[in-house]
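J.: Dumping the structure here so I can ask a few things about it.
The values are calculated or read from the model by the stated rules, or taken from the named source; none is laboratory data. As the structure is a prediction and not an experimental result, all values here were calculated from the model. As a convention, Cβ positions derive from the backbone with ideal geometry for all residues, glycine included, and neighbour counts pool all protein chains shown. Note: areas computed on protein heavy atoms with side chains; ligands, DNA, RNA excluded. Shrake-Rupley method; radii C 1.70, N 1.55, O 1.52, S 1.80 Å.
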Amino acid sequence: MLRNALFLFITALVSGCASNFLKPEGVSQVSLTQDNGILVGSFARNPRASSYYSQTFYFKNLQTNKLHEIKSQQSFNIFNGKTRDDFDTKTSAGGVFAFSLPAGKYVFHNFCLYQANGMFSQNWGSKQDYAIPFEVRPNTTNYVGEIKLDPMTGKNVFGMSVQAGGVWPISDQQARDIELLRKLRPEVPLTNVVSVIPNRKDVFTPLVLLPSEADQVRPSMPQK
């Protein structure tokens, strides 16, 4: 009996190993109303660099101040598994997302990079909130771009390379992302997709690079 119970437990772990951070339920045609829209895009990382335990990008509704997050977890745990990659190229690996949201004005305002092992845990984020605006239009599927983490490294007191936060380029990968959504999330309506990729910063940060800033050198900025 103990062997059977152990087998069932292991089977449950294996079958439930993919997290659903980027795939919340309830996103379908009924999400499109005169007061509601859908936000889609992709959340990625540089596959040539070391990854964090988890990465989270925060945004909020400017009218209600309700907080939202785009999150992925690169390390497995028994509670919410590991986020499965939908694509993996030489320059970008990650997954597509789709969220049902009230229509209105939003801003990306911070992020969190979390690293943990059996000995320690640490977080990185912007020391001051920034404001990068975008809009969720009603009765529309809104494409906000690929949000990708490009990790940074530093040196500890022993001169060893250590993780030190990161920079987030946002880019237009709409053709790839919409094709993946059609294949992987057929319940998401994609007949009326508009681009809402941010094009300005109301409160500046060098830690997020918009498409117009893509050629800038990565900043060496303090992160907490």
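J.: For region 166-207, which residues satisfy the criterion of being in a loop (DSSP other than H, G, I, E, B) and either basic (Lys, Arg) or more than 23 Å from Lys105 (Cα to Cα) (or both)?
T.: Arg185, Pro186, Glu187, Arg200, Lys201 - these are the residues of region 166-207 that are in a loop (DSSP other than H, G, I, E, B) and either basic (Lys, Arg) or more than 23 Å from Lys105 (Cα to Cα) (or both).
J.: If you don't mind, there's one more thing I want to ask. Answer yes or no: is there a residue in region 61-70 that is under 18 Å from the mean Cα position of the chain (by Cα) and modelled with pLDDT under 95.
T.: No; the residues of region 61-70 include none that is under 18 Å from the mean Cα position of the chain (by Cα) and modelled with pLDDT under 95.
J.: Follow-up question, since we're still on this one. Just one of (1) modelled with pLDDT of 95 or more; (2) of a type in the set (Lys, Arg); (3) more than 11 Å from the chain's Cα centre (by Cα) trips up Arg45, so point out which.
T.: Only one criterion is unmet by Arg45, namely (3).
J.: Something else about it: Return only the number of the condition from (1) modelled with pLDDT of 95 or more; (2) touching a strand residue (DSSP E or B) at 6+ places or on another chain (Cβ under 7 Å); (3) not basic (Lys, Arg) that Ser28 does not satisfy.
T.: (2)
J.: Something else now. Can you report the number of residues in region 181-209 which are buried (at least 17 other Cβ atoms within 10 Å of the Cβ) and closer than 19 Å to Ala93 by Cα?
T.: Residues that pass the stated criteria total 4.
J.: For region 66-141, give me every one of the strands (runs of 3 or more DSSP E) that falls completely inside it and has 3 or more residues that are free of Cβ contacts under 8 Å to residues at least 12 places away in the same chain and among the aromatic types (Phe, Trp, Tyr).
T.: Correct list: empty, since no element meets the threshold.
J.: OK, next. Of the residues Phe108, Phe76, Phe120, only one is open to solvent by 50 Å² or more (accessible area, probe 1.4 Å) and farther than 23 Å from Ala18 by Cβ; which?
T.: Just one listed residue meets the conditions, Phe120.
Listed here are the residues, each with its yes/no results for (1) among the acidic types (Asp, Glu); (2) modelled with pLDDT of 95 or more.
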site	(1), (2)
Asn156	no, no
Ser171	no, yes
Val196	no, yes
Thr205	no, yes
Glu213	yes, no
Lys224	no, no
